[in-house]
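Taking it in order: structure first as structure tokens, then the write-up.
FYI, it's all coordinate maths here, none of it is from the lab. Keep in mind that what you see is a predicted model, and the values were worked out from it rather than measured. Cβ atoms come from the backbone with ideal geometry, glycine included; neighbour counts cover every protein chain shown.
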Amino acid sequence: MAVLQIAVAAFTNEQLLTLTQNQGKTKVIPVNDQNFQKILSGERDYHLVLLLSSAVPQINCVLCNEFHPDFNIVANSWFQDHPNGLSEEELNDEDSPKKNVYFLHSEFAESRQLFQLLQLNNIPKVYHFPPSSSIKANDYIKEFDEYQFYQGVHRELLASYLKSVTGLQFNIYIPPDYSKIAINAVFAFTFALLIRRYRKEAYNIATSRPLWSSIILVGVLLLISGYMFVQIRGVPYVREHANGRVDYFVPGQQNQLGVETQILSFVYVYYFQFSD
Amino acid sequence: MTTKAYALPSDLSPATVTNTTSLLRIIALAFISGAAIASRLFAVINFESIIHEFDPWFNYRATRVLVADGFYEFWNWFDPTAWYPLGRVVGGTVYPGLMATSGVIYKILHALNLPVDIRNICVLLAPGFSSLTAWSTYMFTKELKDESAGLLAAAFIGIVPGYISRSVAGSYDNEAIAIFLLMFTFFNWIKALKTGSAFFGTIAALFYFYMVAAWGGYAFITNMIPLHALALLLMGRYSSRLYVAYSSWYAVGTLASMQVPFVGFQPVRTSEHMAALGVFGLLQIIAFAELVRSHVSSKQFQTLLYASVIGLGFLGTLAIIGLTYKGWIAPWTGRFYSLWDTGYAKKYIPIIASVSEHQPTAWPSFFMDLQFLIFLFPAGVVMCFRELRDEHVFVIIYAIVASYFAGVMVRLMLTLTPVVCVAAAIAFSTVLDTYINPVEPEAPADEAASSEVNSVASDVTNPSTPTPVSKKSKKAVKDSSASSTTGPFGDLVASVTSGKSGKKGERSFGVFGLDTRLVVIFHAIGMLIFFVWHCTWVTSNAYSSPSVVLASSNPDGSQHIIDDFREAYYWLRQNTPETAVVMSWWDYGYQIAGMADRPTLVDNNTWNNTHIATVGKAMSSSEEVAYPILRKHDVDYVLVIFGGLIGYSGDDINKFLWMVRIAQGVWPDEIQEPNYFTRKGEYKIDDEASPTMKNSLMYKMSYYRYAELFGGGQALDRVRGQQVPKTGPTLDYLDEAFTSENWIVRIYEVKKEDLLGRDLKSANAFAQGKKRKRTKPASRRKALL
């Protein structure tokens, strides 16, 4: 058994580089139950950064979905800076020898064995596997360190973490979202066309006093009944208890639930009619 | 012929009526001023004539310097004791309006041979200015509706808690005078706009200058007036009145505001002021276009207009991009971002997020601060749409903008309060006008219309609750009835009432009769009485605490004063050398400087984030790491606030995570927030607390010898409701110097380096008779090899 696993020695630096280059838009190598031994075991003269997460809806990992795009951005930015890996001078730098970095991603649904092996009971995790000379199987389980998730901008935190563990400089390039730009452009264009076509109606709408007064009324009502509080704090709509009881109001002067905004705006409207 | 609901005296000459009303108005305003001042004196009566909270202590200290040394000395004042060892150029980093105001009052009173102490002037400045605010709100509302609405608005703003919270006696802060200046500037702006008078425009500019000199929130005016002008332009309401008013305000106001050293060239460089500049430019272009149009034919003008609009737009965009790129226009400031992108501050600027005043507002605070005004407010705003004169547009814009800001930041409730009072007064006085007005509209002549109205009116039980009336019948009534009130509401009342009175034909009963009127009026008066009661209750219970002195009640209900802060500050003042540097979290910097008169490392003027982070790092690292930091900053005493014994929740352990976060922002490698949580991710101080937490200087200083107080029993932290470990932390590099009566303030002395050159830990161990662990004797020799 042991012999067999030694036989599946790790990829060489060049192999991984080609593998990365052959990936599509995101330069992250997918890891699954078929290939994880091959990738992680054995001798390495490069860094591996592995993201373990899941996009499966049953698991409903919010942080995974939040973090994964940022992970891809960091990986792509690294590849954009180093499409052919680090240069010879950098690799053989006398003072501080540097090693290449490769990014891996493992989806829980496709690599249950690996998740079991690592004894994961919560995700997402980002592991950094440093260069290693160990050739024993499964040694990678012991030789990694873990990225700590903090509040903040994930891509920047991840980049600074990687900088601290690899000693390399990570720049971040955020790709412009062309589809968003295109959609906006189409909308703006259609809107302009519509206005040009129905100039008179548009003018009537824009100068309609009832319309404006109702917009302002709704706006003011929402704002004075704590809409911004709900937006900023992200408080839940209602609070449900384990026994099925539902709270629509919470005590305290500096606290409220989402539904309170709606209730209050209706109460205010009622009073407003009453006083008018 | 109009019918009357009740008889009016008919033998009065018009002159008598005018004179009496104006006399009554003056008396009413005098009473309102009196009430405004009186309701702010709770703090002085319940406690004493003392400066409150944190920032006022700095203002007070600066005012004393101003009064003692004169204006020029104050202008050039460099304060070496703040932000030790950096110091602070006070003259150039302060809004001097408040201090100058008290200084002038002081000089005048002394010239009149009234030897009033400067402290009393400072304490009573805010109540005094609140009566002026009431007056200026009266003037402002008068321009919008009439005198009676004005009086109501003045009464509302005089006692509304939303304004009182910032202007009780002793809260000697910039806001104390700023709201008066805000309202008076707005009043002058409206007046200038209405009359097209450069005189009022200039007065507005002068008060704008005063505002700039007094409060950083002047940017609100800087953007409100341009926004109003822009809205008027978009509505096609350009007029030479607008041109004159805006140009005079902008030109004079901007030049004047640049005279304040702290503001300097900001009005032409920062984004906050760009709107004003842009609208000014736009107005010039439009004025020029109007001039050209009056001279050339309309076809030529069209071509000219198109060409110039495109050209100018292009050039303008280029210029702005170029200037921003070159760095001549300052980048968008963090405060600006945090107002628009509400997640910004949370992510990038922990120091902004840490201030509780910058938290968003939940609706209970709105209700607490404004009570029934909050639901009259939307009504008043909608009523502004009826006439929609230029000044009503102003109120509408002000309402929506201020509600947004108040929703984002609790402290900006202050800017919302005036417009709420104005709008609520408009709504309320409309109600009163309608129901007190004795004139009864005549029954509609049109039979068809009235029968249609009858069917609608029959299912109306409460006359003041409007039900949806079909547009047709509304119109029909409008055409036929000689309603004295205007607008949809008047029509509605007319429709409802005319239907009923037409049916019954009675005089003193029914919807038009005195009885229904009295029901509504009594209800309104009831609301007012309840409002006054609420305001008094809130003011006396919630907003009048000086926070320097805490009050609790004894079992028998009598008041018990907790005076730990002053006790500790006076201990510092009397028992330490004048040059002793005190380190504390920045919240207490101003108080230490003001009351203890000792140099501090950081204070509430949070201009240097790194320096604050240094203090945060010292507080959140272990003794060994913190000690060199303390010694390098010449710290002699460290002061911490600890509420665990009496349950004072605003203490340093509760603020501790912010110290960690701010320190982490600068030293992410050394300080990490998760290390301060337990394994389960809880913030705990008991046995389960994480080692990093237990070793941190803040934890040690807070709980040093705390368990001993309970004599072997379970030591309980009353704020966090957790058991404190029985063997408390030990201190090697610090010594307990002073702990106040209720343990709220604890002061530690930083030990000097050991005379024998040992590190303090081993010196301590030696003094306690502990045996030093022997190091391997071979190791030294090995190293030599």
Which value in deg cm²/dmol, rounded to the nearest 500, describes the helix-derived mean residue ellipticity at 222 nm for the protein assembly as shown, given -39,500 (n - 2.57) per DSSP H run of n ≥ 4 and division by the residue count? -18000 deg cm²/dmol
Per-residue Cβ contact counts at 10 Å, fewest first, order B:W537, B:W83, A:W212 as B:W537, A:W212, B:W83
Tilt relative to chain A, helix A:62-81 - C-alpha long axis, 0 to 90 degrees, to 10: 60 degrees
Between B:V745 and residues 5 or more places away or on another chain, which pairs have amide H atoms under 5 Å apart, with H built 1.01 Å from N, and which residues are they? B:F642, B:S740
Jot down the per residue volume, in cubic angstrom and as a whole number, of the convex hull over the alpha-carbon atoms of the protein assembly as shown. 279 Å³
Ranking of A:Y150, B:Y306, B:Y246, B:Y210 by count of other Cβ atoms within 10 Å, fewest first: B:Y306, A:Y150, B:Y210, B:Y246
List the residues whose amide H sits under 5 Å from the amide H of B:Q722, counting only those 5 or more places along or on another chain, with H placed 1.01 Å from N in the peptide plane. B:D717
By how many degrees, between 0 and 90 and to the nearest 10, does the Cα long axis of helix A:154-166 differ from the longest principal axis of chain A? 20 degrees
When the scattering of segment B:184-296 is computed by the Debye formula from its Cα atoms alone, each counted once and equally, what is log10 I(q)/I(0) at q = 0.11, 0.18, 0.21, 0.22 Å⁻¹? -0.33, -0.83, -1.10, -1.19
Using DSSP to call loops (not H, G, I, E or B), can you name the GluC sites (Glu not before Pro) in segment B:573-639 whose Cβ has at most 13 other Cβ atoms within 10 angstrom? B:E578
Applying the Karplus parametrisation 6.51 cos²θ - 1.76 cosθ + 1.60 with θ = phi - 60° to the phi angles of segment A:106-121, what ³J(HN,Hα) value in whole Hz is obtained for each residue in order, glycine and proline being reported as x? 10, 8, 4, 4, 9, 9, 5, 4, 4, 5, 5, 4, 7, 6, 8, 10
Could you identify which residue out of A:Y127, A:Y248, A:Y198 has the top mean-square fluctuation in a GNM of chain A using Cα springs shorter than 10 Å? A:Y248
So the angle from the long Cα axis of helix A:209-224 to the longest Cα principal axis of chain A, reported in degrees to the nearest 10, equals 60 degrees
Cα centroid separation - segment A:151-181 against segment B:524-582, whole Å: 49 Å
How far is the Cα center of segment B:659-706 from the Cα center of segment A:210-271, in Å? 36 Å
Net charge over other residues, Cβ less than 14 angstrom from the Cβ of B:Y95 (K, R count +1; D, E count -1): -3
Rounded to a whole number, the mean other protein chain Cβ count within 10 angstrom for residues of A:213-221 is 6
Report, in whole Å, the centroid distance computed from the Cα atoms of segment A:55-72 and segment B:735-755. 49 Å
May I ask for the Rg/Rh ratio of segment A:130-211, computed from Cα atoms with Rh as the Kirkwood radius, given to two decimals? 1.43
Determine, for B:E53, B:E688, A:E260, the number of other Cβ atoms within 10 Å of each Cβ, and report the residues in order from fewest to most. B:E688, B:E53, A:E260
